Structures are given as structure tokens and as C-alpha cells.
1. If you count, for each residue, the other Cβ atoms within 10 Å and average over each peptide, how do 21-32, 53-64 line up from highest to lowest?
2. Given a 1.4 Å probe, how much area per residue of segment 4-128 is accessible, in Å²?
3. Just grab the label-to-label distance for E27 and W148, each label 7 Å out from Cα along the Cβ direction, in nm (one decimal).
4. Which order do peptides 79-92, 2-15 fall in by mean Cβ count within 10 Å, highest first?
5. May I ask you to give the percent of accessible area on segment 1-93 that is carbon plus sulfur, with a probe radius of 1.4 Å?
6. Report the full-extension gain for the segment S17 to T128: residue separation times 0.36 nm, less the Cα-Cα distance, to one decimal in nm.
7. In nanometres, what is the gap between the two model label sites at L3 and A48, each 7 Å from Cα along Cα-to-Cβ?
8. Would you please give the FRET efficiency between M10 and A83, computed as 1/(1 + (r/R0)^6) with r the Cβ-Cβ distance and R0 = 25 Å, to the nearest 0.05?
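The values are calculated or read from the model by the stated rules, or taken from the named source; none is laboratory data. Just so you know, these numbers come straight off a predicted model, no measurement behind them. Cβ placement follows ideal geometry from the backbone for every residue including glycine, while neighbour counts extend to all protein chains displayed. In case anyone asks, the SASA skips ligands and DNA or RNA and just uses the protein heavy atoms, side chains included. Shrake-Rupley method; radii C 1.70, N 1.55, O 1.52, S 1.80 Å.
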Amino acid sequence: MILRRLARPMLAAVFISGGINALRAPEAHAEAAKPLLAKAGDKLPDNADPVTLVRIDGAVKVAAGVALALGKVPRLAALLLSASVVPTTVAAHPFWEEKDPAERKQQLTHFLKNIGLLGGLLLATADTHGKPSVAWRAKRATHDLGDWIADTSDSVGSAVASAPRKAKKAVAGVLPG
């Protein structure tokens, strides 16, 4: 569909651009990430370097953004970008910590923009191109299997039930009456 071919690159562009910026200047992004990393402390390995984490995040954004834009594994790409946008949003736009009303409003705007992008990514993650989802196909397969078992058991049951009549007829035809 033409809508997907237009919307995916539009959605991916901001992540590709952000990923390239993070790869070009990881130190600046690492400074913004340090407070979040400090809060995550014990959940990260002891040797977790903020600059390395920013580079990894930037590489994920570029790779997944390009994949989404080109329509290659778009659901996986959107899922990876979704996982990437959450810590980026929390680290880069902590509007709740701002004292200056103008700065707080600007950070809130960026925070909400990223939440909107997350919503678009979640929709892209669920987009199956009009094909049934895995959950629907599994439910349908289970239903079909149940029907097959019921049909098989009915035919086996009727064969077993009719066996005595058939045996009687066969015996009756062989034995003198």
C-alpha cells in the first residue's frame, strides 16, 4: 500500500538523523544519559561506559531506521526503535526536573513529541499488511485442529458403532440360517 511506503520513511527519518548525530558526537549524548544511567546503576554491568551505550543506541537507530524506511523487517525495526526511544526520551527530556517555566514547556513539548513517535512505532509494530496476525493464525489453527479431531473421532466413532451390525451381517451371510 502506498501509505506504508510513504509513512515508514517519514517515521524513520527522525531516528536515522538522531542515530547519526549520536554516532558523530557520542560524548554530548552521553552527558545527557549519565543521570539516567546513574539511576539504572545496578541493572547495568559495572563496566557500562555511557559513550559506548550511546554509540550502540545510535547504531541501532540508524540500522533499524533504515530497515523501517525500506520496509525490510519493518515490525522488528519498529520494535527496536520503540525500545530505543523510551530511554532517550527519559534521559533527554526530563521536563519534571526543570524549574524555569519556559524550559519546562520546551522539554515537555519534546517529551510529548517522542511519546507521539512511540505511538507511531507501536502501530508500525502491529502492522501486518492486512495479513492475519500470528495470534489470529494460531487461534485459527487450534480451531481447525479441534474441528479435524472432532470429524476424525466422529468417523472413528461411527465406524466402531456400525462394526457390530456389519459383523452380524457378515456372519449371517456365511452361516446357514
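1. Taking the mean over residues of other Cβ atoms within 10 Å, the ranking is 53-64, 21-32.
2. About 59 Å² of surface per residue is accessible.
3. It works out to 6.3 nm between the two label points.
4. 79-92, 2-15
5. 68
6. So the extension gain works out to 37.3 nm.
7. 3.9
8. The formula returns an efficiency of 0.80 here.
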